[in-house]
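Quick note: the coordinates plus some simple rules give every number you see, no bench work behind them. Treat the numbers as computed from the prediction; the structure is a model and nothing was measured. Positions of Cβ are generated from backbone atoms using ideal geometry, with glycine treated the same way; all protein chains shown enter the neighbour counts.
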Amino acid sequence: MRNTSLWNRRTRLTLLIVLAATYLLAVFFWGLFIDPSEYGVHYENKLLAPSGQHLFGTDAMGRDMFKRCIKGLSNSLVIGLLASLVSSVVALIMGIASAVFGGFVDRFVNLCVDLCMGLPHLVLLILISCMAGRGTVGVTVAVALTHWPSLTRIVRQEVLQLRNTQYVLASRKMGKSYLTIALTHMVPHVLPAYLIGLILLFPHAIMHEASVTFLGFGLPKEMPAIGVILAESMNHITTGKWWMALFPGLMLLLAVVLFDLIGETLKKLWNPNSGNE
Amino acid sequence: MKKKSISLVLGASLVLSLAGCGQEVATDNNVTAAEQEATTDNNATAVEKETVSASEEAGDDSSESINVYIGGSIFDSSMDPVKGFMSYGYPFVNEALIQADTTSEYVADLATDWEVSEDALTYTFNLREGVTFSDGTPFTAEDVVFTYEEVQKNQANNENVDLTKLKSVEADGDYKVVFTLNECYSPFLDTVAMLQIVPSDSYNSETFDTAPIGTGAYKVAQYDTNQQIILQINDSYWGGTPDIEQVNIISMDQDTAYSNAVSGQLDVVMVGSTYINETIDSMTLHKLETMDVRNVSLPTLTEQVMKDSQGNEYNVGNNVTSDIAVRKALSIGINRQEIIDNAFNGEGKPAVNFTDNLPWASTDDYEDNQVDEAKKILEDAGWIDSDGDGIREKGDLKCSFDLIAPGNDEDRYKLATALAENAKNLGIEINVRNESWDVAVVEENTTPIVWGWGQFSPTVIYSTYDSEMFLEAQYANVTGYTNADCDAAIEKAFAASNQADANAAWKEAQAIGDSEYPYLYLVNIEHSYFVKDNLDISESTQIPHPHGHGSPIICNLKDWVLN
């Protein structure tokens, strides 16, 4: 039986994705082009509770928490984007190489993956961040370099399946190079799983950036970032300034949940059979 | 307990006494004890305390203990005086020969009196008799000689107490010690006050890290690394028995400490300016005077590469702050009170040099907030805002520099931000950066940094103004300030044979140095603590707190009284 209504499940899911993506893109671009004075210091507005003028209240320096959150989330998204790009390229190359070449290469890649996944992620992040000189550079490098293992595994699995299919074996026999096979036969097949994996990397990257920053190994204090805001709010939460922790925390949560939602929904749309697995 | 004990005493003579009355008497008694201590008449205090403790013993049935949070710095280092513990001068386990009083003058502690020879090369101290260490061994001249020689042998382990000018230390009988110096060194008394004496018989460089044995009012009963230090009364203390039997110094985060105080579990809690407008039931906020100033180093050289005496190359200088007009305009043009109100909720006092509670510190104060005058200085020097962005330029050079608020110190970051806001009025842009000390030290000769200075010893003038210190030590003369007259005045101060001459020379050095504004002094901070209402921290015997992020409140632990 076909559901011909305009509001079938597929349309609703697509709409959900569009809405979520719009929200995230809006935050991203608003933060990117916001005038720094909007979240600047205004000592006459110290520690105001949330109101129409300051949606999320203000902090001890009178900075508007709403604008700071937007800028902070936007900064997190930039780092998340960089991290996802780097991680995904690494994962794609390592995953395909591992599956196609097999043997030593496969074992080496697996070793790397196990090595990275074996260490507690946060410890690894702090280690790399400190080695790379902390600050913005440190945390970006750390987040970018530690999110590829799980995606590598997914790509490797997919390619392993493809490697023994008839058409791949045939084109190998016909003398096509490994590179041609990888680009023409493998990448298109791996792409959906890969893209979903990529989107699902975002929430991890953002969360990790925020945690490392919260612990003081990441973005510097002068930069608006959710981690910095939450760390600062710890000193005020005991004196009843609840808004400094609550709203930024919610914003972070919302962003993470939305990315997750987009990823999971895309998975359903692109690969409806996954529901039968 | 106090109530009970006093009631007992009163009960014997008056037959009938009301509990309320008893408490009043107890409080009066404490105040008297504190006031007498303030007169620094040690004998009278000892007698007074003896009577108090005698009456206490009559009705003592419960153990009194308090929990205090005084920041984390006490947990950071070894408790061994030989390695520099508490060398800013607030003894409670080990004691020095002399100590600073509330007016920053030196008074007797383990020494009873001392004499300086005409040529200022020989210092003779007469020691207090009848003093024993907490392990029962008597305190004699031998212990003093041992301590000083031990520090000299291990000078590398102790960066706070510098004994390189000490030629020899000798015992003359059991209760007299003679120090001989290589050359005139007027701050030697400061050094003596900074070094606390350890017992020659039982000193052990390892165990003293956590369990030092001393002559002070308290001894360490338990040491849990980064958790707590438990102090208990040293029964053989020469100065009478303190009122509080046990003091638990607890290590925790600032916000945890605050919430513990709110729930009534702490008797003393050090708080940053964030908390000073809060109220806690049955606790009162005490703002205590310090000698701790915050200033900003403004590199006086233009950008270049220079070599130190070992031939290592350093990038030094800053093209904006090297212009004296910028430095002067900032010093006279900013509004320090407004900065303090904005950054610290009004906690602290404006400062344009070291604090007046130090006998050697400059007292040449000047008006700030002279905005028009400052703008004129900048314009005369060619700093003009030609593109209308609110920041002045001189040619291609923007009047803009970075300012590092180092370490994990929220207050320095707030101060730096408030300064940056204030400097906007003058058309000077300051970009505040929070960096770890590792990064700050690398950039110390090129980038202005927010510093904290607070110490009894005037040697800080030498390390911050003398040209020979530039590039030779961390934190020392980071501005690259070079002035032969200033160096000569410092030389004169070191060589002075009496304190008055030395202080005059130190002031002269500061007058010369400050006329070129290598440092932008901002604030003389205050230390704020919430203290339980039934605890008397004897404010009249609190010394002006040296630099110490909150720990100096225990300087007079032995005078505290729990009602």
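Over the residues of chain B, compute the C-alpha Rg and express it relative to 2.2 N^0.38 Å.
Numbers: Rg = 25.4 Å, N = 563, 2.2 N^0.38 = 24.4 Å.
Output field value: 1.04.
Quick one: compute a quarter of the convex hull surface over the Cα atoms of segment B:346-404 and quote it in nm². Before the final figure, lay out each step's value.
On the way: hull surface 27.0 nm².
The number I arrive at for segment B:346-404 is 6.8 nm².
Considering only the protein assembly as shown, what is the antiparallel percent among its DSSP beta bridges, to the nearest 5? Provide the component values of the computation, followed by the final result.
Working: 63 of 78 bridges.
Restricted to the protein assembly as shown, the bridges split so that about 80 percent are antiparallel.
Determine the dipole magnitude for segment A:130-277: charges of +1 sit on the beta-carbon of Lys and Arg, -1 on that of Asp and Glu, nothing else is charged, the reference point is the Cα centre, and the result goes in debye to the nearest 20.
Values: 11 positive and 7 negative charges, 131 e Å.
Value, rounded to 20: 640 debye.
Using the Kirkwood formula on the Cα atoms of the protein assembly as shown, what hydrodynamic radius do you get, in angstrom to one decimal?
Values: mean 1/r = 0.0320 Å⁻¹.
Radius from the Kirkwood sum: 31.2 Å.
Rounded to the nearest 0.05, what FRET efficiency do B:N204 and A:D35 give with R0 = 56 Å and r taken as the Cβ-Cβ distance? Could you check?
On the way: r = 63 Å, r/R0 = 1.13.
Once rounded, the FRET efficiency stands at 0.35.
Modelled label-to-label distance, B:L285 and A:L19, 7 Å Cα→beta-carbon offset: nm?
For B:L285 paired with A:L19, the spin-label model returns 4.7 nm.
So what's the angle, to the nearest 10 degrees on a 0 to 90 scale, between helix B:42-58 and the longest Cα principal axis of chain B?
50 degrees
Along each principal axis of its Cα atoms, how long is segment A:72-206 end to end? Whole angstroms, biggest number first, please.
52, 30, 19
Give the Kirkwood hydrodynamic radius (Å, one decimal) of segment B:463-563, defined as one over the mean of 1/r across all pairs of different Cα atoms. Could you put the intermediate results ahead of the total?
Details: mean 1/r = 0.0601 Å⁻¹.
By the Kirkwood definition, the hydrodynamic radius is 16.6 Å.
Consider just the alpha-carbon atoms of segment A:177-228 and return their Rg together with their Dmax, both in angstrom.
Rg, Dmax (Cα atoms, Å): 18.0, 52.
Could you please rank A:V143, B:V305, B:V271, placing first whichever residue has the fewest other Cβ atoms within 10 Å of its Cβ?
Details: A:V143 29, B:V305 9, B:V271 24.
Ordered by Cβ neighbours within 10 Å, fewest first: B:V305, B:V271, A:V143.
What share of all Cα pairs of segment B:306-450, in percent, falls into each consecutive 10 Å distance bin?
Once binned at 10 Å, the Cα pair distances of segment B:306-450 give 11, 34, 37, 16, 2.
Would you mind checking the pairs B:K307/B:K394; B:K83/B:K167; A:K67/B:K424 and listing those with alpha carbons more than 24 angstrom apart? Before the final figure, lay out the partial values.
Working: B:K307/B:K394 29 Å; B:K83/B:K167 20 Å; A:K67/B:K424 22 Å.
Checking Cα-Cα distances, B:K307/B:K394 exceed 24 Å.
Whole number please: convex hull volume per residue of the Cα set in segment B:106-240, in Å³?
Numbers: hull volume 16.0 nm³, N = 135.
Convex hull of Cα atoms, per residue: 118 Å³.
Just from the alpha-carbon atoms, what are the Rg and Dmax of segment A:168-256 in angstroms?
Cα-based Rg and Dmax for segment A:168-256 come out at 22.5, 74 Å.
Regarding segment B:232-365, what are the three Cα extents along the principal axes, ordered largest first, in Å?
Principal axes ranked by extent give 58, 40, 32 Å for the Cα atoms.
For a quick check: with amide H placed at 1.01 Å from N, whose amide H comes under 5 Å from B:S104's, ignoring anything fewer than 5 positions away on the same chain?
It is none; the list stays empty.
Within a 10 angstrom radius of the beta carbon, how do A:F214, A:F29 rank from fewest other beta carbons to most? Walk me through the intermediate numbers first.
Details: A:F214 19, A:F29 12.
So the ranking, lowest neighbour count to highest, is A:F29, A:F214.
Using the Karplus curve 6.51 cos²θ - 1.76 cosθ + 1.60 with θ = phi - 60°, work out ³J(HN,Hα) for each residue of segment B:352-367 in order, rounded to whole Hz, and write x for Gly and Pro.
10, 6, 5, 6, 6, 7, 9, x, 9, 7, 4, 10, 6, 7, 9, 6
Report, in listed order, any pair from B:K398/B:K507; B:K176/B:K492; B:K219/B:K349; A:K46/B:K414; A:K46/B:K376 with a Cα-Cα distance greater than 24 Å.
Cα-Cα > 24 Å for B:K398/B:K507; B:K176/B:K492; B:K219/B:K349; A:K46/B:K376; rest within.
I'd like the Karplus ³J(HN,Hα) series for segment B:164-178: coefficients 6.51, -1.76, 1.60, θ = phi - 60°, whole numbers in Hz, and an x wherever there's a Gly or Pro.
Each residue of segment B:164-178 in turn: 5, 8, 8, 7, 8, 10, 10, 8, 10, x, 7, 10, 9, 10, 10 Hz.
May I ask you to sort B:T124, A:T140 by Cβ crowding, counting other Cβ atoms within 10 Å and putting the fewest first? Intermediate values should be presented prior to the final figure.
Details: B:T124 16, A:T140 22.
Ordered from fewest to most neighbouring Cβ atoms within 10 Å, B:T124, A:T140 come out as B:T124, A:T140.
With a cap of 15 neighbouring Cβ atoms within 10 Å, and only residues DSSP puts in a loop, list the GluC sites (Glu not before Pro) found in segment B:109-186. Mind showing how you got there, number by number?
Values: sites: B:E115, B:E118, B:E129, B:E142, B:E149, B:E150, B:E159, B:E170, B:E183; in loops: B:E118, B:E129, B:E159, B:E183.
In loop regions of segment B:109-186 (DSSP not H, G, I, E or B), the sparsely surrounded GluC sites (Glu not before Pro) are B:E118, B:E129, B:E159, B:E183.
Return one number: the angle in degrees, 0 to 90 and rounded to the nearest 10, between the long axis of the Cα atoms of helix A:103-118 and the longest principal axis of the Cα atoms of chain A.
Here the helix axis deviates by roughly 20 degrees.
Tell me, what does the Kirkwood hydrodynamic radius of segment B:385-516 come to in angstroms if you use every pair of distinct C-alpha atoms?
Numbers: mean 1/r = 0.0598 Å⁻¹.
Its Kirkwood hydrodynamic radius stands at 16.7 Å.
Hey, what did chain B get for relative contact order, percent, Cα under 8 Å, at least 6 apart?
Reported as a whole number, the value is 19 percent.
For the pair B:E278 and B:D172, what calculated FRET efficiency results from E = 1/(1 + (r/R0)^6), where r is the Cβ-Cβ distance and R0 = 41 Å, to the nearest 0.05?
On the way: r = 56 Å, r/R0 = 1.36.
Once the sixth-power term is evaluated, E becomes 0.15.
Write down, largest first, the equivalent ellipsoid semi-axes of segment A:22-87 in whole Å, where each equals the square root of 5 times an eigenvalue of the alpha-carbon gyration tensor.
Details: eigenvalues 140, 26, 18 Å².
Here the semi-axes work out to 26, 11, 9 Å.
Amide H to amide H, which residues 5 or more places from B:N434 or on other chains are under 5 Å from it, using H placed in the peptide plane?
For B:N434, whose amide H was placed from the backbone, the distant partners under 5 Å are A:K221, A:E222, B:A405.
Tally Lys and Arg at +1 and Asp and Glu at -1 over the other residues with C-beta under 15 Å from the C-beta of A:D106: what net charge comes out? Before the final figure, lay out the partial values.
Details: positive: A:R107, A:R153, A:R156, A:R163; negative: A:D114, A:E158.
Surrounding charge for A:D106 is +2.
Principal axes first, then extents: for the Cα atoms of segment B:58-133, list largest minus smallest coordinate on each axis, whole Å, largest first.
Principal axes ranked by extent give 54, 38, 26 Å for the Cα atoms.
Could you compute Rg(Cα) / (2.2 N^0.38 Å) for chain A, with N its residue count? Before the final figure, lay out each step's value.
On the way: Rg = 22.3 Å, N = 277, 2.2 N^0.38 = 18.6 Å.
Expressed relative to 2.2 N^0.38 Å, the Cα Rg reads 1.19.
Which angle between 0 and 90 degrees, to the nearest 10, do you get for helix B:324-333 versus the longest principal axis of chain B when only C-alpha atoms count?
Helix B:324-333 sits roughly 50 degrees off the main axis of chain B.
Using the alpha-carbon centroid of each, what span in Å lies between segment A:131-178 and segment B:96-122?
That distance is 74 Å.
Please name whichever of B:S322, A:N164, B:L285 sits farthest to the positive end of the charge dipole of the protein assembly as shown, dipole taken about the Cα centre and charges placed at Cβ: Lys and Arg +1, Asp and Glu -1.
With unit charges placed on the Cβ atoms, the residue in question is A:N164.
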